[in-house]
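The values are calculated or read from the model by the stated rules, or taken from the named source; none is laboratory data. Small disclaimer: the values here were computed from a predicted structure and weren't measured. A quick note on method: Cβ atoms are made from the backbone with ideal geometry, for glycine too, and the neighbour counts reach across all protein chains shown. The protein model used for the area step is the full one, side chains on, heavy atoms only, and it has no ligands, DNA or RNA in it. Shrake-Rupley method; radii C 1.70, N 1.55, O 1.52, S 1.80 Å.
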Amino acid sequence: MLHFNRCQHLKQITQKCFSFIHVKTDKHAQLYLSRTFALAELRKSCHSTHSLVGDKNIILMGLPGAGKTTVGRIIGLKLGCCVIDVDDDILEKTWNMSVSEKLQDVGNEQFLEEEGKAVLNFTTSGSVISLTGSNPMHDTSMWHLKKNGIIVYLDVPLIDIVNRLKLMKIDRIVGQNSGTAMIDLLKFRRQYYKKWYDTRVFCESGASPEEVADKVLNEVKRYQDVDSETFISTRHSWPKDGEQKVSTKFFSEAVIEGLASDGGLFVPEKEFPKLDCGEWKRLVGATYIERAQILLEKCIHPADIPAAKLGKMIETAYGENFVCSKIAPVRHLSGNQFILELFYGPTGSFKDLSLQLMPHLFAHCIPPSCNYMILVATSGDTGSAVLNGFSNLNKNDKQRIAVATFFPENGISDFQKAQIIGSQEENGWAMGVKSDFDFCQTAIKRIFKDSDFTGFLTVEYGTILSSANSINWGRLLPQVVYHASAYLDLVSQGFISFGSPVDVCIPTGNFGNILAAVYAKMMGIPIRKFICASNQNHVLTDFIKTGHYDLRERKLAQTFSPAIDILKSSNLERHLHLLANKDGQLMTKLFNQLEEQHHFQIEKNLVEKLQQDFVADWCSEGECLAAIHSTYNNSGYILDPHTAIAKVVADRMKDKTCPVIVTSTAHYSKFAPAIMQALKIQEINQTSSSQLYLLSSYNALPPLHEALLERTKQQEKMEYQVCAADVNVLKSHVEKLIQNQFI
């Protein structure tokens, strides 16, 4: 059965744009639809005695010694289907000699050619196929098998494989030259599997063949069940008897649309996937990129983004753009406190950890026949990060995706403003707004909900609006990775053993960063307490303590930590929705009341559930500067103002029973005047680059962010526009930008 809903949605989006795009673009869109239907057809389910397989083959791929043959036989017994071992049933029967004899006879390169020829003459359906020890094989052979099969990668720990090969008395495999250690060749060979597999079975060390077989069947079932992982709005209503099912979206749709049509935020309809203890332990020694791929593969269905393409996106996102190879390292600060350093990306803030990846996710999900304008509100760091991220797309994608970022003209640091303005590219613009971040964010939400305006942009210019703030699920999801990675680093460095709890303390404004930590816990990371750290705009702290979200008579204060100068916290809605057992009607009631009456109170039982995991406090401006000063004097480490807020609150908790990971959300060089004031440096009235050079002379930790220093030399002379705090004025600017970009 075709996955009708997924194809139908994409068809509607494409047809929405057909009437105003050139004929040559129509052809691309038709090809896209053909590919979409073909993908759905590839995954159809057939009602046979082994319906999980149907006419498709389950093809087991993995390193020599991964257990493909044994696991394949177990699966065959469970499904009652034919089991084919490529070595025994195809190659040796074709050659009339053993695989090892053939290898010795013809050598490595010729062996792969001969192997490929033999497999090309083989056809079957509804079977379990165990590939050879030299897999992946010749490209032509792999395509031949893949067109009628689901390729499952058995990702088995290398130490397990080496031990098995020793027991099997195998001391040489295809491609191994004299002098090359087996373990080194196995590590090298892993890269060749990335291109081919449809789904991965991530095996813990010591897993039995039966356990692996069960995992294979679960992964194949997930792969085929494209309707199993959907998203709902936080403001949905569960259907009553006789009513239609609640409206759901797929991952790709949630990323494209950004904000739900009812004003809510997209969340998974079901629970987050959870890794077991053995799987987490395997990730302790992994790189950040490897961790990201495993975790995101579990959260993104391959029908939305195939594993091979997702892997390429992750490698691109966390590659050369980061000045630290560890991407998001953890550093011991003092006592039981550790700093999670999230500022090694190109724009020096934690936003890079998601916004180097999210543009690639977005570009993959959208149909090629439509243009997209990304609207972004920024309290300082998001603006430059989103402009930089979308500027890294390929030329074709940049021609159909543009970005407009709106920032409070007088509500961010001079360096942040220069950075945003200097990050403008041919597909990205910055605009100052004579108001605060809350206005910018609310205005963008109102623009999204204005169906007349959005419809006009679609009909007139073939352009659809979307977002890249953390209201967009594709922006929020990658942040889960660094919270999990921080915990794994503490295990790797020997500070804790896996399973020991930690607390996390996060400077919080829009609630996205701390919510990502909640999701990491849902996936299996043992976080005990989430410590919400606020500055003088402490509406979240007050809410966590009382359950009363009250904006009446509360005015936004400008502080040394502008990224959390926020009163309307968007992502709080997602967490309350989770606590309230996904009660969409309650969310609609609460957040409509917040919009109309500027406050709401949650029930006592919800307050108690919130306080089971959350504690909160806030920090004054004087305390923030004092923390920067004292930390530098005691350890030679310079905190940025946001991290200093978290440090003050973490110190105040006075709980030494477990480690505390303090999230450092930005590099201190972005806030040089505040740092110089805290360190009592007199020469504050200088250019940004002069301030950074002066700070670099202190030889503090972390070292100066060289990429930021280079960019300051180019940023101070660029132009930008400033507009009034009026939604209609913003709409007018959006339309002009679309005209300039796409017409």
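Below 8 Å between Cα atoms, with a sequence gap of 6+, how large is the relative contact order for the stretch 57-224 in percent?
On the way: 235 pairs, mean separation 58.5, N = 168.
This gives 35 percent for the stretch 57-224.
Computing the accessible area with a 1.4 Å probe over protein heavy atoms, can you report the carbon and sulfur percentage for the chain? Please report the intermediate quantities before stating the final value.
Values: 14650 of 29640 Å².
Carbon and sulfur together cover 49 percent of it.
Among bridges DSSP assigns within the stretch 57-224, what percent are antiparallel (round to 5)? Write down the numbers at each step before the final one.
Working: 0 of 15 bridges.
Rounded to the nearest five, the antiparallel share is 0 percent.
Percent of Cα pairs in the stretch 450-531 per distance bin of 10 Å, from zero to the largest separation: 16, 35, 20, 13, 10, 4. Taking amide hydrogens as placed 1.01 Å from N in the peptide plane, the amide H of V433 sits under 5 Å from those of F407, E409, C723, each at least 5 positions away in sequence or on another chain. What number, rounded to the nearest 500 deg cm²/dmol, is the helix-based mean residue ellipticity at 222 nm of the chain, given -39500 (n - 2.57) per DSSP H run of at least four residues and division by all its residues? Using -39500 (n - 2.57) per qualifying helix, the result is -14000 deg cm²/dmol. Using only alpha carbons, the stretch 85-144 has a radius of gyration to Kirkwood radius ratio (Rg to Rh) of 0.93. The GluC sites (Glu not before Pro) found in the stretch 192-293 that occupy coil by DSSP, while having at most 10 further C-beta atoms within 10 Å, are E243, E271. Computed from label points 7 Å out along Cα-Cβ, the spacing between E320 and K274 is 4.3 nm.
Quick check for you: with a 1.4 Å probe and neighbouring chains kept, what is the accessible area per residue of the stretch 554-614, in Å²? Before the final figure, lay out the partial values.
Values: 2840 Å² over 61 residues.
For the stretch 554-614, the per-residue accessible area is 47 Å².
Sequentially through the stretch 655-670, phi angles give Karplus couplings (6.51, -1.76, 1.60; θ = phi - 60°) of 10, 9, 7, 8, x, 10, 9, 8, 7, 9, 8, 7, 6, 4, 5, 6 Hz, Gly and Pro residues having no value and appearing as x. Of the residues T248, T199, the one with the largest accessible area comes first in the ranking T248, T199, computed with a 1.4 Å probe on protein heavy atoms.
Legend: calculated FRET efficiency, D184 to N592, from the Cβ-Cβ distance at R0 = 45 Å, rounded to 0.05, equals 0.15. In nm, give the distance between the simple-model label positions of A308 and S228, each being 7 Å from the Cα along the Cα-to-Cβ direction. For A308 paired with S228, the spin-label model returns 2.2 nm.
Among the DSSP beta bridges whose two residues both lie in the chain, what percent are antiparallel, rounded to the nearest 5? Could you put the intermediate results ahead of the total?
Details: 14 of 68 bridges.
Approximately 20 percent, going by the DSSP bridge assignments.
Among S485, S696, the sequence by solvent-accessible area, most first, with a 1.4 Å probe is S696, S485. The separation of the stretch 418-447 from the stretch 660-710, counted between C-alpha centres, amounts to 25 Å.
Can you pull out the trypsin sites (Lys or Arg not before Pro) in the stretch 134-169 whose DSSP state is coil and whose Cβ has at most 15 other Cβ atoms within 10 Å? Each step should come with its number before you reach the end.
Working: sites: K146, K147, R164, K166, K169; in loops: K147, K169.
Loop-located and lightly packed - K147, K169.
Per residue, the stretch 57-224 exposes 46 Å² of accessible surface when a 1.4 Å probe is rolled over the protein heavy atoms with every protein chain present.
Within the full protein context, the accessible area of E425 is estimated at about 80 Å² for a probe radius of 1.4 Å. Beta bridges per DSSP, both residues in the stretch 350-462: antiparallel share near 10 percent.
Bin by bin, in steps of 10 Å, what percent of the Cα pairs in the chain do you find, going until the bin that has the longest distance? Whole-percent P(r) values from 0 Å outward: 3, 14, 23, 24, 19, 12, 5, 1, 0.
Rg of the Cα atoms in the stretch 57-224, relative to 2.2 N^0.38 Å, amounts to 0.97.
Give me the extension gain from S630 to N218: residue separation times 0.36 nm, minus the current Cα-Cα distance, reported in nm with one decimal. Please list the in-between numbers first.
Details: separation 412, 0.36 × 412 = 148.32 nm, distance 5.30 nm.
Net length gain for the segment: 143.0 nm.
What accessible area per residue, rounded to a whole number of Å², is obtained for the stretch 451-504 using a probe radius of 1.4 Å? Mind dumping the intermediate values first?
Working: 1390 Å² over 54 residues.
In whole numbers, the stretch 451-504 has 26 Å² accessible per residue.
Work from the charge dipole of the chain (Cβ charges, +1 for Lys and Arg, -1 for Asp and Glu, about the Cα centre) and give the residue of G319, G512, T140 farthest towards its positive end. Ranked along the dipole, the leading option is T140. In a simple Cβ point-charge model (Lys, Arg +1; Asp, Glu -1; nothing else charged), the chain has a dipole of about 400 debye relative to its Cα centre. Loop-located GluC sites (Glu not before Pro) in the stretch 315-364 (DSSP state not H, G, I, E or B) with no more than 16 neighbouring Cβ atoms inside 10 Å: E320.
Each of A674, F591, A650 was placed along the dipole of the stretch 573-709 (beta-carbon charges, centred on the mean Cα), and the one lying farthest toward the positive end is A650.
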